[in-house]
Each structure stands twice: as C-alpha cells, then as structure tokens.
C-alpha cells in the first residue's frame, strides 16, 4: 500500500485560489486562506462547525468583524483567478443576474434592507454578479460582484417618477456597471459576450455595447418602437419573419417546472430602435440589433408556460446556424441560476448568524468562490471526464475516496479519472448511478463533497498515526 504524503499547502485549492489576497495585514491574508480551506471542506456547515476549535471560531468571527476585511477585498483574488482562466479561451460568456438573500428569520441582524414586496415585510439584501463560463457552459468563476441594500420604509416610486430619474440614480444601473467592469477586466485577445435576462432590457445597455463595440445578448422585455416605415413595433416585426429552422433545447428544472426537452422554431431579423425619451434632454442614438424569436409552437398539454424568447444581440446573425449559436449562448444563462442555488442551498449562507449585513456580505463573497468550485466540479465531469482526478482532488481526498467506495486498503498504481471520482463523490451524496439517472447533479455532489471531507480527514489522521507507530 502506498503511503499518503503530508498535505502540502500547494495542494490546497483554497490556498491557490486566494494566494493573492491583500487585506493590508499578513495575518488577515493567512486567515482568509485558512477560512476558505475550512469552509470549502464543509460548505454546508456553520462557521463554528467548519472551524476546528473555539479559538479558530473566535478568530473567524474577528476576521469578518475587521474593518480591513471587505467583500471587495475578499473577492479580488478569486476575480484575478477568474481572469486567468478566461485567458485560456478565445470566447467566453459573461452572465449577469441578481439574487436576494433573506435574513428575515434573523431579526437581530443589523443593517438589513427591504426585499420582496411591502406586504411580505422581508429583510435582507441583494447581490448582482457576473458568472463567466465557456461557450459550452463550464463555469470559470465570478468576475464581478456587487451587494446592495434597499432602504426600509422608502415609499414606492410610481412609473412616471422612475421615468424622471437618470439611469445613474436607478438600481438598474447595476447592469451597466457590471457590463463596464467586465469589459475592463477581460484579457486581451478574449472575445466576451455579456448575457442577461429581461431585467437588463435597458436602452443604455445597447448604446454602451454600440459605443464600446462590445458583444451583448439580452432577452427582450419591452415591445420597443422601431425606425421602420412598414412595421412600428419589435414583436410584430420579428413575428412577421419566416421560420428559419427548428432546434431542440433543454429546459432545466426550477421551482416552477420540471426539466424537459423540447423543439422550438427560430425566426430572426435586423431591427433599428427608436431612442426612448430621457430626462434632462439627454439624447440617445439609434441602435441597430439582431432579433431572434425562439418559440415552442406545439407545447405539451401539461406545460403552463411554453417557451417564447425574443433575444436581442449585436452579434452577427445572418444565417440559421448563427442564430442557433446565439440561442445556445442564451441557454447557458441558467448556469448563474444554478450558482445561486448552490450558494443558498448547498452553502446555506442564509443560515449564517453574523450580526451585521456588512459581515454577511463579506462571508458571502468568500463562500461565492467555494460555491463556484462546487459548480465547476459538476461541469468539469461532463466536459473533461478523462482528466486525472488530481486536477480536482488532493492525494488524501482521492485515496480516501477510492478506499471508501471500493472497501479496500489497496490503491491503484495510477489515479482514477475525473469522471470516475465525481460519480463516487455523488454516490456519497445519495446518487444511485442507474442507467436512467444520467450524470450526477450539483445537489448530490455537494452532499457527497461534505462527506468526502470528513472521510479524508479521518483517513489522514489514521494514516499519519500509523506512520508514527
């Protein structure tokens, strides 16, 4: 039986990911790496359980309470690693979205804002992030991240009042800030396509893309006015086009629907938008975009909301194949919803009882990198299953996993593959591996990951003790 080498810090994913953390204090930098390691091993555990003893727990609480420790500072090293991973690809997708964290059940937490509607009377804060993926959907990291808090008891704005506000004074300006940050951070030679859902159907997003010559893909929400002598509205213009072809899309499961696969029709055309009115006599330019209508023509009887996406992009769309490529990029948008599911359900950040919103936001910034890694593990199994497992696991982890699954003390001469080890991790989380089950999903992987960390830690201690005998 081969012996296990002592775990070197270079083997620890968290130490590598947070190697360049700079919190203006060497002790804080080291504590950040130690916390990322501990929380990464037990992503669902509360801080006091993830830490080894009371001294480490107190040190963790002091870390999040330190004024030098901010969400931006904690996120910065992961952002840098994300940029490095982006540089390995010619084309990447920068997927933006917003989620809200609900801490209503922690009434003693200070500095929380309003979330939900006024009748719900909920408290928490929002997070707007940009998840970068490959064109095939493999997550590369969280590129931008911004937290925001809505004032409590602020009167609701009427639509006409909102129209009078400059875009810079609206909450929706977060989409433009993230877009600009993405362009600033993208490495030279990398083509990035920013992908957003309907909330980002903001005219200034299109003008910014036109001004910066930057690729943008947004699902339409508004039926905008056109510069067109024959058809005055967006939807009517696109619906009037012939069907260019059909394709099959996978619709993932969420709280409202089951996962399914369906066939959709595709229409596309070029459109020119009339600039909308803006306050302070601000004049916006005409914007030219390509519009793609994706429609489920014959949905099953049990489907309440058939697919109908009207996608707007400045990427070239002159053929059916180019339209299909854009639709496939939009389908990758669901990856950020999976990331939100992992950080909330897998990392259980809404159960954290830190005393202020600022501390919680710093904690979530740290947990975001951990949630990304769990997300990445799921997809690296699907895209690179033949890689050696040492690409994702330390020697202690894969050896303990192998012996636990195979109930043996003998190890193979060469490490198993990523595909094999991820399925074994999923087995620890309840994955049965039947033919009809397909590939393991994120839920069983994060459950299995936590069990693996306990198994690996126990085996390491036993093996170390045996070597000392």
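Quick note: the coordinates plus some simple rules give every number you see, no bench work behind them. Remember, it's a predicted structure, so these values are computed and weren't measured experimentally. In this analysis, Cβ positions are derived from the backbone assuming ideal geometry, glycine residues included, and neighbour counts consider all displayed protein chains.
At a glance:
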{"item": "Fewest-first sequence of 21, 251, 218 by Cβ atoms within 10 Å of each Cβ", "result": "251, 21, 218"}
{"item": "By average C-beta atoms within 10 angstrom, highest first, the peptides 290-298, 418-426", "result": "418-426, 290-298"}
{"item": "Tilt relative to the chain, helix 418-428 - C-alpha long axis, 0 to 90 degrees, to 10", "result": "80 degrees"}
{"item": "Stretchable slack from residue 19 to residue 168, in nm (0.36 nm times residue separation minus alpha-carbon distance)", "result": "50.1 nm"}
{"item": "Additional length obtainable on full extension of the chain from residue 454 to residue 383, 0.36 nm per residue less Cα span", "result": "22.8 nm"}
{"item": "Nearest 10 degrees, 0 to 90: helix 54-65 Cα axis against the chain principal axis", "result": "20 degrees"}
{"item": "Inter-site label distance for residue 282 and residue 161 at 7 Å from Cα along Cβ, in nm", "result": "1.9 nm"}
{"item": "Net lengthening on full extension, residue 228/residue 247 (0.36 nm per residue, minus Cα-Cα)", "result": "3.9 nm"}
{"item": "Sorted by Cβ density within 10 Å, fewest first, the residues 81, 359, 30", "result": "30, 81, 359"}
{"item": "Normalised alpha carbon radius of gyration of segment 384-469 [divisor 2.2 N^0.38 Å]", "result": "1.11"}
{"item": "Estimated distance in nm for a label pair at residue 297 and residue 91, the labels positioned 7 Å out from Cα along Cα-to-Cβ", "result": "2.6 nm"}
{"item": "Highest to lowest packing among 102-110, 151-159, scored as the average C-beta count within 10 Å", "result": "102-110, 151-159"}
{"item": "Relative exposure of 322, 17, judged by other C-beta atoms within 10 Å (fewest first)", "result": "322, 17"}
{"item": "With Cα atoms, 0 to 90° folded angle of helix 26-41 axis to the chain main axis", "result": "90 degrees"}
{"item": "Computed FRET value (nearest 0.05) for residue 68 with residue 150, which takes r as the C-beta separation and R₀ as 25 Å", "result": "0.40"}
{"item": "More than 36 angstrom apart: percent of Cα pairs within the chain", "result": "36 percent"}
{"item": "Cα gyration tensor category, rounded, prolate or oblate, for segment 317-469 with a/c compared to 1.5", "result": "oblate"}
{"item": "Mean-position separation - Cα centroids, segment 70-117 and segment 176-232, in angstrom", "result": "21 Å"}
{"item": "Packing-based ranking, highest mean first, of 323-329, 180-186 given that Cβ atoms within 10 Å are counted", "result": "323-329, 180-186"}
{"item": "Computed helical MRE - 222 nm, the chain, DSSP H runs ≥ 4 contributing -39500 (n - 2.57), nearest 500", "result": "-12500 deg cm²/dmol"}
